[in-house]
Amino acid sequence: MAAEMRERSLDLTLAVLLLIIVIGLWRGADAASWALAWVYTLINTLAALAIGYIGAFGGGDGDVEITLDKKSLARRGFASLLRPLAIWALLTLLATIYLVARGHILFMLPLASLMVFVFPDAEDLVADEYVRQVMAKAAALGGSLAFALGLLAIVFYKPLPLELLAAMLAVYLITIEWAAFRALR
Amino acid sequence: MKNNLPVLRAERRWSQALLAEKLGVSRQTVNAIEKGRYDPSLPLAFKIAALFGLAIEDIFLPEEVEHGRRDA
């Protein structure tokens, strides 16, 4: 049974932090903010693919284990705010605030979607099999809402391609996060 | 799927939180299983069975078996 279980470890946060620090020192805050926006979009695209994979092939029945930064699961209290995922989320929060202030208002959505990762027990959301199933089910609604927002944004706002993609992914994730929190109430 | 989890848990005076801790899942998972809102994965079902020292079919009952028993 255990041999059939597949595990995908997405421990990218430390590499991301190092990359952003290098870009920030080399090219300044503007370049670092856009780099974080690209990383946000890339990571969330991978997360969306993983959730889609669970929904299509795992169905939340335990065949697939998704682990984000597993080491930090044991940490609690103030120390948990120093875990790599929380630091990445805080940096990306600052970057999105910076981009919103520069007139890219759709980055308010990534800003909202990131709040969850700053909470101490954020990783527990994806570590629990019931919550995983709830998230996989909510993904369909999230995808529909993301497409609707994308269409409205193209018609009324004319966003940059990255801004549009980041906002659509954010709506997708906010829907899934909302479903997970509802399940955990 | 119906199950005897609340009864087995009550016999041992375990809270949902304690059972969840023993199984390595959230309290909400235990609650959802007990209420029949969520069918556990096979690995989790085996874990539950091992914890109570019973077979899976002694804990979980398919709906049709439940109906069959009611009809009999």
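Annotations
- Accessible-area ranking of A:Val116, A:Val100, largest first, probe 1.4 Å: A:Val100, A:Val116
- Loss of accessible area when A meets B, both sides summed, Å² nearest 100, probe 1.4 Å: 1000
- Each residue of segment A:164-175 was assigned a 3J(HN,Hα) from its phi angle through the Karplus expression (A = 6.51, B = -1.76, C = 1.60, θ = phi - 60°), giving 5, 5, 4, 5, 5, 4, 5, 4, 4, 6, 4, 4 Hz with x at Gly and Pro.
- With a simple spin-label model that places each label point 7 Å from the Cα along the Cα-to-Cβ direction, the separation between A:Tyr53 and A:Phe181 comes to 2.8 nm.
- Using a Förster distance of 35 Å, the FRET efficiency for B:Glu63-B:Lys22 (Cβ separation, nearest 0.05): 0.85
- Scoring A:137-150, B:49-62, A:160-173 by mean Cβ neighbours within 10 Å over their residues and listing the highest first yields A:160-173, A:137-150, B:49-62.
- For B:Asn3, distant residues with modelled amide H under 5 Å away: B:Leu61
- Trypsin sites (Lys or Arg not before Pro) within segment B:5-55, DSSP loop, no more than 13 other Cβ atoms inside 10 Å: B:Arg12, B:Arg13, B:Lys35, B:Arg37
- Shielding value for A:132-143 is 1, the average number of Cβ atoms from other chains within 10 Å of each residue's Cβ.
- For A:Met108, solvent-accessible area (1.4 Å; no DNA, RNA or ligand), Å²: 110
- Applying the Karplus relation 6.51 cos²θ - 1.76 cosθ + 1.60 with θ = phi - 60° to segment B:23-36 yields 3J(HN,Hα) values of 8, x, 10, 7, 4, 5, 5, 4, 4, 5, 5, 4, 7, x Hz, where x marks Gly and Pro.
- Shielding of peptide B:40-47 by partners, expressed as the average count of other chain Cβ atoms within 10 Å per residue Cβ, is 4.
- Couplings 3J(HN,Hα) of segment A:143-158, computed from phi: x, 5, 5, 5, 5, 4, 5, x, 5, 4, 5, 5, 5, 9, 10, 6 Hz, in residue order, whole Hz [Karplus 6.51 cos²θ - 1.76 cosθ + 1.60, θ = phi - 60°; x for Gly and Pro].
The values are calculated or read from the model by the stated rules, or taken from the named source; none is laboratory data. Since we're looking at a predicted model, the values are computed, not measured. We place every Cβ from the backbone using ideal geometry, glycine too, and count neighbours over all the protein chains shown. All accessible areas refer to the heavy atoms of the entire protein, side chains included, with ligands and DNA or RNA removed. Shrake-Rupley method; radii C 1.70, N 1.55, O 1.52, S 1.80 Å.
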